[in-house]
Amino acid sequence: INTDQIEASDKSVFEVMQRSVIEFMNARKWTNYNFGVEERIDCTILITFSEWDGSDRFKANINLVLKRPVYNSSYNSTILNYIDREFSIVYAMFQSMEFNPAVYTSNLTSVLAFYVYMFLGMDFDSFSRYGGTPFYEEAQMIVNAAGNSNVNGWKPYESQKNRYWMVENMLNAKYAPLRDFLYEFHRLGLDKMYEDPDKGRATILKTLDYLEHVKRDRPNLFMLQLISEAKIFEFINIFSGASPQEKTEAVNKLKFIDPANTEKYDDILKN
């Protein structure tokens, strides 16, 4: 939790909140799977508070980063790097962090739990094709319950870029190629590069077809943008070592998928 923007002599409420959030996230059993310490999901959630009424109402941004280890290497691949700017909460010091996915009790616990399940869904998708489905379904249950609240970020009509659309995009069969990309890019591409870099790179090049497919069907799809943005520098690093023909093909595909970063993708051709 970051409170640099908050001007107050007593910030003890934030210290208590941080301890409660850490306990809520780490002490709760979120799945029926048993993870070893080395299998823990590498993610960070940074809550930066911008407003506090001095009582129990707060506004903040929440920065979410999810990474995944690459087989036989010390490298971690970024799957998601997103700032959610629709984060307002009501919190009283020492309040209990109650949570039930089917019942909305507080925006703090609902938002945190939502992103836990989105993290789990995307992580599992990267290891097995469509492996994240049960976690997205939990996230969708949270959205449905929170949709009846008076806080922003949960309703489809508020924006095309909020929590409602994040999970909708991942569960919508029409956009399943996004999930095919997550699996093949990581499990069949990155994880294989230690034994055969050229083969791994060729596989990753083919996975761009999945993103192209979604781009043609829905150019401004929220999760397409988030996944593309998370992978910009990884794409550049991977294809900078490719053959001239692969470089040209990759750059053409990437510029179509993510035209906002055209200049960055040109760096592939310079290396």
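From the set of residues in region 220-259 that are within 23 Å of LYS67 (Cβ to Cβ) and among the small types (Gly, Ala, Ser), which is surrounded by the most Cβ atoms within 10 Å (Cβ to Cβ)?
ALA250
Residues that are β-branched (Val, Ile, Thr), open to solvent by 10 Å² or more (accessible area, probe 1.4 Å) and either in contact with a Leu (Cβ under 8 Å, 6 or more places away or on another chain) or under 19 Å from GLN225 (Cα atoms) (or both) do occur in region 131-154, at least one of them. When each of LYS161, LYS155 is tested for being without any contact (Cβ under 8 Å) to a residue 40 or more places away in the chain and within 26 Å of GLU51 (Cβ to Cβ), the lone residue that passes is LYS155. Only one entry of LEU211, LEU178, LEU190, LEU205 meets the criterion of being farther than 17 Å from PHE256 by Cβ, assigned to a helix (DSSP H, G or I) and of a type in the set (A, V, I, L, M), and that entry is LEU190. So which of PHE185, PHE127, PHE119, PHE114 ends up being on the phi < 0 side of the Ramachandran plot, surrounded by fewer than 16 Cβ atoms within 10 Å (Cβ to Cβ), out of contact with any Phe, Trp or Tyr (no Cβ under 6 Å at 6 or more places or on another chain) and in contact (Cβ under 8 Å) with a residue 12 or more places away in the chain? So the residue among PHE185, PHE127, PHE119, PHE114 that is on the phi < 0 side of the Ramachandran plot, surrounded by fewer than 16 Cβ atoms within 10 Å (Cβ to Cβ), out of contact with any Phe, Trp or Tyr (no Cβ under 6 Å at 6 or more places or on another chain) and in contact (Cβ under 8 Å) with a residue 12 or more places away in the chain is PHE127. Exactly one residue out of HIS186, HIS213 is over 27 Å from GLY147 (Cα atoms) and touching a strand residue (DSSP E or B) at 6+ places or on another chain (Cβ under 9 Å): that is HIS186. Here SER73 fulfils each of the conditions (1) surrounded by fewer than 20 Cβ atoms within 10 Å (Cβ to Cβ); (2) free of Cβ contacts under 8 Å to residues at least 60 places away in the same chain; (3) of a type in the set (S, T, N, Q) apart from (2). For region 155-164, a tally of residues being assigned to a helix (DSSP H, G or I) and open to solvent by 20 Å² or more (accessible area, probe 1.4 Å) returns 1. Screening ALA242, ALA230, ALA250 for residues that are closer than 29 Å to ARG163 by Cα and of a type in the set (Gly, Ala, Ser) leaves exactly one candidate, ALA230.
The residue pairs whose first member lies in region 1-30 and is closer than 18 Å to SER96 by Cβ, whose second member is surrounded by fewer than 16 Cβ atoms within 10 Å (Cβ to Cβ), and whose beta carbons are closer than 7 Å, counting only pairs six or more residues apart or on different chains, are VAL13/MET93; VAL16/MET93; VAL16/PHE94. Return a yes/no flag: does region 193-211 have any residue that is among the acidic types (Asp, Glu) and crowded, with 16+ Cβ neighbours inside 10 Å. No - not one qualifying residue is present in region 193-211.
The values are calculated or read from the model by the stated rules, or taken from the named source; none is laboratory data. From a predicted model like this one, the values you see are computed outputs, not experimental measurements. Note that each Cβ is placed from the backbone with ideal geometry, even for glycine, and that neighbours are counted across all protein chains shown. Accessible surface areas use protein heavy atoms only, side chains included; no ligands, DNA or RNA. Shrake-Rupley method; radii C 1.70, N 1.55, O 1.52, S 1.80 Å.
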